[in-house]
Amino acid sequence: MRMAMAVLAALTALIAAPASGDGAQAAFAVRLYGAPVGQMVIAKNADGAVYAAKGEFRTTGLVGFLARVRFTMTARGVGTMPNLRPNTYEEDVDTGYRTSAVRVGFTAGDSRIDPLTGLIAALIDRDARMGCAFDGQTFDGKRAMRVRIRPAENNSGDHLTCTGQLTRLSGYTDDEMADAVTFPFIIRFERVGERLVAMRADIDTIHGKVALLRR
């Protein structure tokens, strides 16, 4: 269960209040082992080359251990999709096993991004011409992870399937690295007008699949 919650933490975030400027928002139902466990909304608000995101995930209708799981994250930075560069990142996380309340600053020239900005790059709606390809490294103040996404072969029409991997790089315990290092995932987009909309994401864990389903 600890690993499932760690991977869920890598994929969950976000509910944001719309701000002026360009914004995108998407709501997902979250399933673990095929059972509904919570809801999330991912959002990005931008004003020119400046962006801000604020988010929250909470379990719904659960009791016991899973009812404790929550994530609150915020990020601010510069750049436009897919080249976003955070200036600050804050998180308040309780996975049931790990609690964390940190603030991370990113200096100019730092090629890493925070986990929330990584979620936006992977799942937020975007111009259809942008596609889904992404290669970056996330950092939450302690742990670094590589995120790599590529379009699958034989895509056609108004549907785009993309495959990716999360790879643990540093900051994890020996036991965590022994449990697993890489986590494959699939994101399925649909073209709506001139936009690509993420409809579903599935990630493998050592305990089963975590699924995000567009609402």
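The single condition among (1) over 29 Å from L160 (Cα atoms); (2) modelled with pLDDT of 90 or more; (3) crowded, with 16+ Cβ neighbours inside 10 Å that G105 does not meet is (3). Residue count for the range 67-76, restricted to those that are outside any helix (DSSP H, G or I) and either basic (K, R) or modelled with pLDDT under 85 (or both): 5. Within the range 130-173, the set of residues being free of Cβ contacts under 8 Å to residues at least 60 places away in the same chain and aliphatic (A, V, I, L, M) comprises A133, A144, V147, I149, A152, L160, L169.
Looking only at the range 185-215, filter to residues that are in contact with a Phe, Trp or Tyr (Cβ under 7 Å, 6 or more places away or on another chain) and β-branched (V, I, T); which one of those is surrounded by the fewest Cβ atoms within 10 Å (Cβ to Cβ)?
Taking the range 185-215 and keeping what is in contact with a Phe, Trp or Tyr (Cβ under 7 Å, 6 or more places away or on another chain), we get 196-199, 201-205, 208, 212-215.
Remaining after also requiring β-branched (V, I, T): 197, 203, 205.
On the way: V197: 19, I203: 21, T205: 21.
Step by step, filter the range 185-215, then rank; the result is V197.
Strands (runs of 3 or more DSSP E) fully within the range 120-215 that include at least 3 residues being of a type in the set (D, E, K, R) and under 23 Å from A27 (Cβ atoms): 182-192, 195-205.
Return the residues of the range 77-119 that are in a loop (DSSP other than H, G, I, E, B) and among the charged types (D, E, K, R); say none if nothing qualifies. Talk me through it step by step, then tell me what you get.
Taking the range 77-119 as the starting set, the residues that turn out to be in a loop (DSSP other than H, G, I, E, B) are 81-82, 95-98, 106-112, 114.
Scanning the range 77-119 gives R98, D110, R112, D114.
Would you please name the residue that is surrounded by the fewest Cβ atoms within 10 Å (Cβ to Cβ), looking only at residues in the range 77-90 that are modelled with pLDDT under 90 and out of contact with any helix residue (DSSP H, G or I) (no Cβ under 7 Å at 6 or more places or on another chain)? Only one residue fits best here, namely N83. Looking only at residues in the range 116-171 that are hydroxyl-bearing (S, T, Y) and out of contact with any helix residue (DSSP H, G or I) (no Cβ under 7 Å at 6 or more places or on another chain), which one is surrounded by the most Cβ atoms within 10 Å (Cβ to Cβ)? Among residues in the range 116-171 that are hydroxyl-bearing (S, T, Y) and out of contact with any helix residue (DSSP H, G or I) (no Cβ under 7 Å at 6 or more places or on another chain), the one surrounded by the most Cβ atoms within 10 Å (Cβ to Cβ) is T117.
The values are calculated or read from the model by the stated rules, or taken from the named source; none is laboratory data. Note that the structure is a prediction, hence the values are computed from the model and not measured. Backbone-built Cβ (ideal geometry, glycine too); neighbour counts: all protein chains shown.
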